[in-house]
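In what follows, a single structure is set out as C-alpha cells and then discussed.
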Amino acid sequence: MDELLRRAIRSALFFASGCLLAWIVVPEGRTVAAGLILGVLASIMNALMLKRRILFLEHAMSEERPRKRLGIGMGARFAMVLIVVMLALRFPEQLNLPAALFASFYVQFAVLVAAFLHNLRESRGKG
C-alpha cells in the first residue's frame, strides 16, 4: 500500500510540475494550470490524511482498549476540497474551478491505476 501511494504521489508531483511549466510557458492557460496545481496539492493532502487515518485505525485495533474518537476523518478531507472550491470561486481570474475540482481527485485515481498495473505485473497472465 505504501508503495502504491508513493507512486501516485510521485505521479501527482510530476503532473504538478508539468502544470507549473505550462503556467510559465502558456499565458492563456494560466488559470487552468493554477487550478490544476491547487487541486493536485489538495489531492496529495487528502491522500496523506487518509493514510494517517488508516494508521490510526490500525493502531486502535491493535490496542486492547480502543479509543472512541480518532479525528482527521472524512470531514477533514471534504473540507480540503471545499477550501479548493472556495478559493477558486473567490479568485476566478487566477484559478479555474473545473480544473481544480478535476485535479482534486488525481491521487485517488493514480492509486487505482498504480494498483491495476501492479496486479498486471504480479499476475503474469495467470488466474
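The values are calculated or read from the model by the stated rules, or taken from the named source; none is laboratory data. None of the values given here were measured: they were computed from a predicted structure. Reconstructed Cβ throughout: ideal geometry from the backbone, glycine too, with neighbour counts over all protein chains shown. Quick note on the areas: whole protein, heavy atoms, side chains included, nothing else; ligands and nucleic acids left out. Shrake-Rupley method; radii C 1.70, N 1.55, O 1.52, S 1.80 Å.
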Name the one entry in Glu63, Glu122, Glu93 that is at pLDDT 85 or above and either touching a Pro at 6+ places or on another chain (Cβ under 6 Å) or of a type in the set (Asp, Glu) (or both).
-> Glu93
For Ala22, are the conditions met, namely being in a helix (DSSP H, G or I) and closer than 22 Å to Leu112 by Cβ?
-> no
Looking at (1) farther than 22 Å from Arg7 by Cα; (2) at pLDDT below 95; (3) open to solvent by less than 40 Å² (accessible area, probe 1.4 Å); (4) hydrophobic (A, V, I, L, M, F, W, C), which is the only condition Leu57 fails?
-> (3)
Find all pairs meeting these conditions: Cβ atoms under 7 angstrom apart; at least six residues apart or on different chains; first residue within region 23-41 and among the hydroxyl-bearing types (Ser, Thr, Tyr); second residue open to solvent by less than 60 Å² (accessible area, probe 1.4 Å).
-> Thr31/Leu95; Thr31/Asn96
In region 103-127, how many residues are open to solvent by 90 Å² or more (accessible area, probe 1.4 Å) and under 18 Å from Ile9 (Cβ atoms)?
-> 4
For region 46-54, does any single residue satisfy the condition of being of a type outside the set (S, T, N, Q), assigned to a helix (DSSP H, G or I), closer than 23 Å to Ser11 by Cβ and open to solvent by 90 Å² or more (accessible area, probe 1.4 Å)?
-> yes
Sort out which residues of region 83-94 are surrounded by 13 or more Cβ atoms within 10 Å (Cβ to Cβ) and not in a loop (DSSP other than H, G, I, E, B), and write them in order of number.
-> Ile83, Val84, Val85, Leu87, Ala88
